[in-house]
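Step one of this worksheet: look at the structure below.
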Amino acid sequence: MDQSHVAFITTDKKLNFFIRFQAAKELQELYSLDIPVLVDLLDNKLSNSYAANPERFYVLRDGVVVLAGDQGPLMYDLGSLEKWIANYVNSEI
């Protein structure tokens, strides 16, 4: 896949689910992600439930939120995400 291509996901209700699904698939392929990429339905229930606007990151493991980031982009604490990833990777070795 062309690395200059940028996949994006929006909560614009004018888009249909197929476009959202396709954007998530392109994102997964672009970054060779071997983890699930979730796509919100057109009602944006997931986004609204987890206050994803403004941006926010979550780490889910076995269906449970194990790390909830602060609202972004100004209050991101990427150090906590990096630490969680490092601990997870080390525990899987």
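The values are calculated or read from the model by the stated rules, or taken from the named source; none is laboratory data. Note that this is a predicted model, so its numbers are computed, not measured. Note: areas computed on protein heavy atoms with side chains; ligands, DNA, RNA excluded. Shrake-Rupley method; radii C 1.70, N 1.55, O 1.52, S 1.80 Å.
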Whole-Hz couplings from phi, Karplus 6.51/-1.76/1.60, listed for segment 34-46; x for Gly and Pro: 10, 10, x, 10, 8, 10, 6, 6, 5, 7, 6, 4, 5
Show Phe18, Phe57 ordered by accessible area, largest first, where the area counts protein heavy atoms only and the probe is 1.4 Å. Phe18, Phe57
Kindly report the accessible area of segment 23-93 per residue (heavy atoms of protein chains, probe 1.4 Å, no ligands, DNA or RNA), in Å². 75 Å²
What list of ³J(HN,Hα) values in whole Hz, one per residue of segment 55-65 in order, does the Karplus curve 6.51 cos²θ - 1.76 cosθ + 1.60 (θ = phi - 60°) give from phi, with Gly and Pro shown as x? 3, 7, 10, 10, 10, 10, 9, 6, x, 10, 6
